[in-house]
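Notes follow the structure.
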Amino acid sequence: MKNKFSKHWVSSKQPRKQRKYIVNAPLHIKHKFLAAHLSKDLIKKYNKRAIPVRKGDTVKIVRGKFKKKAGKIEKVLPKKTRVYIENIQNIKRDGSKTYIPIHPSNLIITELNLEDKERQKILQRNKLETKK
């Protein structure tokens, strides 16, 4: 394993190589790792199972300590592959609150933020492709 990152790497059974690929991936590829599943009604509407999360999306947590809680995404961290959600905070001893980072694979998108016109175009394109 000479190179830090290779575009031509397909896959490996070895977890160490899989982890290395994820850690050393450039941001435009890490963006794809930030995808979360859509809710059942959104899957039917957009004919797509997963979409990369964005600030403003409403999500429901399905794994971990905060299971079944919902909120809007406050911040997306592509370098760490984590997301901060509105009401999911830890209260420290001094009383201050800190966000708890959550991996997007543990989320289900219940409502999309469609303010961005590029995102709307992508979703419309997916709709048209599946109708053909």
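Data for the structure
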item	result
Cα-based equivalent ellipsoid, segment 60-129: semi-axes from gyration tensor eigenvalues, Å	29, 13, 11
Counted charge near GLU115, where neighbours are those whose Cβ lies closer than 15 Å (Asp, Glu -1; Lys, Arg +1)	+2
Magnitude of the charge dipole, segment 53-132, Cβ model with Lys/Arg +1 and Asp/Glu -1, debye to 20	280 debye
FRET efficiency, 1/(1 + (r/R0)^6) with R0 22 Å, evaluated for LYS68 and ARG93 via beta carbons	0.25
Net length gained if the chain between ILE100 and ASN24 were fully extended (0.36 nm per residue, minus Cα distance)	25.0 nm
Accessible area, probe 1.4 Å, largest first, for residues TYR21, TYR46	TYR21, TYR46
LEU114 - accessible surface, heavy atoms, 1.4 Å probe, Å² rounded to 10	60 Å²
Formal net charge of residues neighbouring LEU42 (Cβ-Cβ distance under 11 Å; K, R +1; D, E -1)	+2
Förster-model FRET efficiency, 22 Å R0, SER39 and GLU118, C-beta, rounded to 0.05	0.50
The chain: relative contact order as a whole-number percent, Cα under 8 Å and 6+ apart	24 percent
Value of Rg/Rh across the chain [Cα atoms, Kirkwood radius]	1.02
LEU128 versus HIS31: modelled label distance in nm, points set 7 Å from Cα along the beta carbon direction	2.0 nm
Karplus-derived 3J(HN,Hα), 6.51/-1.76/1.60, for each residue of segment 93-101, Hz, glycine and proline x	5, 7, x, 6, 10, 10, 6, 9, x
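The values are calculated or read from the model by the stated rules, or taken from the named source; none is laboratory data. These figures come from a predicted structure and were not determined experimentally. Using ideal geometry, Cβ is built from the backbone for each residue, glycine included, and neighbour counts are taken over all protein chains shown. In case anyone asks, the SASA skips ligands and DNA or RNA and just uses the protein heavy atoms, side chains included. Shrake-Rupley method; radii C 1.70, N 1.55, O 1.52, S 1.80 Å.
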